[in-house]
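Read-outs throughout are calculated quantities, based only on the coordinates presented, and are distinct from any laboratory measurement. What you see is a predicted model; the values in this text were computed from it and never measured. All Cβ positions, even for glycine, are placed from backbone atoms using ideal geometry, and neighbour counts span all protein chains on display.
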């Protein structure tokens with residue numbers, strides 16, 4: 001997943017006095033996007049794709065249930081699964097090595113407790129928004145701040161599915177162009193590509 005614009009992977013949390021909307025990140029500060037959230041995006045795209053192919057409601061419902069499960073059922077082997085979309089292990093290792101080299105005697109606990117905010121700042125930025133009234137003046141109390149994952153970043157996920165579903169799944173994956181929050185404001189434009197057996 002290549003981020004074509006800044007993206008907001010909201011985590012439902014805020015940082016009092018700093019951010020009204022924060023992003024998902026791991027214990028070291030590396031941003032990521034939940035595979036289960038992406039699966040919901042793909043499910044919707046798949047429904048549209050099948051509709052465009054001329055399938056009726058019953059056919060669409062049956063295929064969606066087979067591929068994605070029903071009521072949270074993810075245990076069947078023929079279901080499509082996605083791991084979380086994460087920064088490559090190579091990039092993570094390089095960043096963690098650099099932190100350790102610059103701060104001798106740094107443990108992984110120190111990185112989690114002391115440097116995770118700095119690592120998060122390497123891959124994200126904070127944007128401000130305000131509502132403007134009919135006179136072109138910022139409305140009182142409307143200032144909001146959101147943390148965004150930087151455009152240009154690439155995230156990786158492992159996708160598992162039945163080999164018979166691969167070709168169709170690729171078609172649907174390539175149709176996904178937007179994810180995350182505030183898409184109506186230009187955030188969340190992405191480009192997906194598939195690397196076989198990576």
- The Kirkwood hydrodynamic radius of segment 118-198, taken as the inverse of the mean 1/r over all distinct Cα pairs, in Å, comes to 16.1
- May I ask you to derive the relative contact order of segment 128-169, considering only C-alpha pairs under 8 Å and at least 6 residues apart, and to give it as an integer percent? 28
- Relative contact order of segment 72-155: what whole-number percent is it, with Cα pairs under 8 angstrom and at least 6 residues apart? 27
- Task: Would you mind ranking 32, 174 so that the residue whose beta carbon has the fewest other beta carbons within 10 Å leads the list?
- Result: 174, 32
- For the chain, the longest principal axis of the Cα atoms and the Cα long axis of helix 89-102 enclose an angle in degrees, to the nearest 10, of 10
- Note on the structure: So the FRET efficiency between residue 36 and residue 134, C-beta based with R0 = 35 Å and rounded to 0.05, is 0.25
- For segment 2-191, evaluate the Debye formula with one uniform point scatterer on each Cα (no solvent term) and list log10 I(q)/I(0) at q = 0.11, 0.16, 0.18 Å⁻¹, rounded to two decimals. -0.64, -1.06, -1.19
- Message: At 222 nm, what value in deg cm²/dmol follows for the chain if DSSP H runs of at least 4 each add -39500 (n - 2.57) and the sum is divided by all its residues, to the nearest 500?
- Response: -10000 deg cm²/dmol
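Given a cut-off of under 8 Å on Cα pairs at least six residues apart, what relative contact order in percent is computed for the chain?
38
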- Note on the structure: Per its Cα gyration tensor (rounded if a/c is under 1.5, else prolate when a/b beats b/c, else oblate), segment 83-153 is best filed as prolate
- Against the longest alpha carbon principal axis of the chain, how many degrees, from 0 to 90 and to the nearest 10, is the axis of helix 35-52 turned? 40
- Crossing angle, helix 57-68 versus the chain [Cα axis fit, 0-90 degrees, rounded to tens]: 50
- Relative to the present Cα-Cα distance, how much length would full extension add between residue 104 and residue 48 at 0.36 nm per residue of separation? 14.8 nm
